[in-house]
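K.L.:
Shown below is the structure under consideration.
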Amino acid sequence: MNTRLLMMMHVNVATVLNVGAVPHGIRRTAPLRGGTFEGPRLRGTILPASADWQLLRSDGVLEMDLRFTLQTDDGALISMSSFGLRHGPPDVIAALGRGETVDPSTYYFRTMPRFQTAHPVYSFLNRLIAVASGDRRPDGPIYTIHEVL
């Protein structure tokens, strides 16, 4: 399987809202303050009307349901949704929870982005499969998103 870089996303996360214990784990909502994205074919900003709905499962796996609205530098709007999983050794996850910078090779952080747009310049996004790896930083994650060829 071949891939090529689609974009890098730098996401700024606001204060996480802890909904609490629900039937399948602990529910949290992480509002996003914005961010940026840049790749060979597109660049722009992440609009603040975006969030990550998280479920921390009893097995220590964090499920992520990400919903972004992207705005390219030329004004196009792109809807991006992504399902992901993050898990790792307890000490590494605890360090992430304390806001420490951790080597991303020490934990698993993957998502499956999907895109929708009506803008003809970016319509190629409607027809591709993408995979992403994440790197959780103190101010928010960095996603490296690749298009599957």
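K.L.:
Within segment 18-30, which residues are aliphatic (A, V, I, L, M), farther than 29 Å from TYR122 by Cα and surrounded by 14 or more Cβ atoms within 10 Å (Cβ to Cβ)?
P.N.:
ILE26
K.L.:
Would you confirm whether or not segment 106-120 contains a residue that is in a strand (DSSP E or B), of a type in the set (D, E, K, R), more than 19 Å from HIS87 (Cα to Cα) and out of contact with any helix residue (DSSP H, G or I) (no Cβ under 6 Å at 6 or more places or on another chain)?
P.N.:
Taking every residue of segment 106-120 in turn, at least one turns out to be in a strand (DSSP E or B), of a type in the set (D, E, K, R), more than 19 Å from HIS87 (Cα to Cα) and out of contact with any helix residue (DSSP H, G or I) (no Cβ under 6 Å at 6 or more places or on another chain).
K.L.:
Moving on to the next point. Quick one: would you say LEU66 is over 21 Å from GLU147 (Cβ atoms), of a type outside the set (Phe, Trp, Tyr) and under 17 Å from the mean Cα position of the chain (by Cα)?
P.N.:
no
K.L.:
Surrounded by 14 or more Cβ atoms within 10 Å (Cβ to Cβ), among the charged types (D, E, K, R), out of contact with any helix residue (DSSP H, G or I) (no Cβ under 9 Å at 6 or more places or on another chain) and at pLDDT 95 or above, is that true of ARG33?
P.N.:
no
K.L.:
Only one of LEU125, LEU96, LEU70 is under 18 Å from MET8 (Cβ atoms) and not in a strand (DSSP E or B). Can you tell me which?
P.N.:
The conditions single out LEU125.
K.L.:
Which ones in segment 49-62 are surrounded by fewer than 17 Cβ atoms within 10 Å (Cβ to Cβ), out of contact with any Gly (no Cβ under 7 Å at 6 or more places or on another chain) and assigned to a strand (DSSP E or B)?
P.N.:
Hit for segment 49-62 is TRP53, nothing else.
The values are calculated or read from the model by the stated rules, or taken from the named source; none is laboratory data. None of these values were measured; they are calculated from a predicted model. No Cβ is skipped: glycine too gets one built from the backbone with ideal geometry, and neighbour counts run over all protein chains shown.
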